[in-house]
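See below for the structure under consideration.
Derivation of every value follows stated rules applied to the coordinates shown; laboratory data play no part. Bear in mind the structure is a predicted one, so any value in this text is a computation, not a measurement. Glycine gets a Cβ as well: all are built from the backbone with ideal geometry, and neighbour counts include every protein chain shown.
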Amino acid sequence: AQSVSQHNHHVILSEAASLELGCNYSYGGTVNLFWYVQYPGQHLQLLLKYFSGDPLVKGIKGFEAEFIKSKFSFNLRKPSVQWSDTAEYFCAVNAYTGRRALTFGSGTRLQVQP
Amino acid sequence: DAGVIQSPRHEVTEMGQEVTLRCKPISGHNSLFWYRQTMMRGLELLIYFNNNVPIDDSGMPEDRFSAKMPNASFSTLKIQPSEPRDSAVYFCASSPGTGDSPLHFGNGTRLTVT
C-alpha cells in the first residue's frame, strides 16, 4: 500500500528564510505527486504537481519541488518565505495501483514570523 | 465555477444523534472523495466514488458511517449514531478523473459531537 511520510511536523521560520519540507513516499512504481496547502480556516488548495518529465516542478507563489526517484522523495522548497506562507502543507501521492485516490502525509505546519 | 460546496459548515450534535453531511461536486467532475481531518490522524480517505459508484470504501471507519451518491451532483456522508470520537473536519473533494487529476476541495464541515 502506498504511504507518505512528512518528517517535519512543525517548522518556524523568519521572513526571508529559505524553506525545505521533506516528503517521502513508499511505492516502487509509477506515481503522481502533489503538494497541497491549507491556509488557516480554509480548504486545501493545490500548490504543484508532478506527473512526468522534468523532475523539478514549479508551482504557485514561488514554490517548487524536486522529484528524486532514487530517494522516493518529493521535497518542497521556497527560497524566501513570507508571513503569508504561514499554513499547513500536505504532500500527497497517487500510485498507479487499483486504488486511484490520493494518500496524504500527516502535514507540516509552517509558521513564518515577521 | 462555484467550486465544491459542502454543508453545513459547522455541526454540533449530541452523542447518539444522526449526522448528515452534504456535498455538491464541481459540475463535470466524475470522481468524488470524502476525507476526514483530525489532529491525531491527519487527512484520511473515507470513501471515493467514480461516476456515482463507490469504488473504495475501505477507509470508512465503522458501520456507523455510510455514504451515498444518488446522482452526479450530490453526495451525502451519514453517521448514525454519532460518537465524540467522530469529531473532525470532513472534506469533500472532486476531480475530473481519477489518479492523475488534482483534487478540488470544499471548505469542509467541522463536526463536533458532545
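For the pair the range A:36-114 / the range B:2-32, the C-alpha centres are spaced 25 Å from each other. Suppose R0 equals 41 Å; then what is the FRET efficiency for residue A:17 and residue B:2 from their Cβ-Cβ distance, rounded to the nearest 0.05? Computed FRET efficiency for residue A:17 and residue B:2: 0.65. Listed peptides B:26-34, B:89-97, A:34-42 appear in the order B:89-97, B:26-34, A:34-42 once ranked by packing, highest mean of other Cβ atoms within 10 Å at the front.
From largest to smallest, the equivalent ellipsoid semi-axes obtained for chain A from the alpha-carbon gyration tensor read 24, 14, 12 Å. Once C-alpha pairs closer than 8 Å and six or more residues apart are averaged by separation and normalised to the residue number of chain B, the relative contact order reads 37 percent. For residue B:55, the amide hydrogen comes within under 5 Å of the amide hydrogens of B:48, B:49, B:50, counting only partners 5 or more places away or on other chains and with H modelled in the peptide plane.
The mean number of partner chain beta-carbon atoms within 10 angstrom of a residue's beta-carbon across peptide B:36-44 is 4. For residue A:41, neighbours were defined as the other residues whose beta-carbon sits under 12 Å from its Cβ, and their charges (Lys and Arg +1, Asp and Glu -1) total +1.
Just checking the output field for A:24-36: average partner chain Cβ neighbours within 10 Å of each residue's Cβ? Provide the component values of the computation, followed by the final result.
Numbers: counts 0, 0, 0, 0, 0, 0, 1, 2, 4, 0, 3, 0, 4.
Partner Cβ neighbours, averaged per residue: 1.
Put in line by how crowded their Cβ is, counting other Cβ atoms within 10 Å and starting with the fewest, A:54, B:57 read A:54, B:57. Partner shielding of A:39-46 amounts to 5, given as the average count of beta-carbon atoms from other chains within 10 Å of each residue beta-carbon. In the structure shown, do any of A:49/B:24; A:58/A:78; A:61/B:24; A:49/A:78 have a Cα-Cα gap over 20 Å, and if so which? Over 20 Å apart, Cα to Cα: A:49/B:24; A:61/B:24. With Cα atoms as the point set, the protein assembly as shown shows a radius of gyration and Dmax of 17.6, 52 Å.
Per the Debye calculation on chain B with a single equal scatterer at every Cα and no solvent contribution, log₁₀ I(q)/I(0) for q = 0.17 Å⁻¹ amounts to -0.75.
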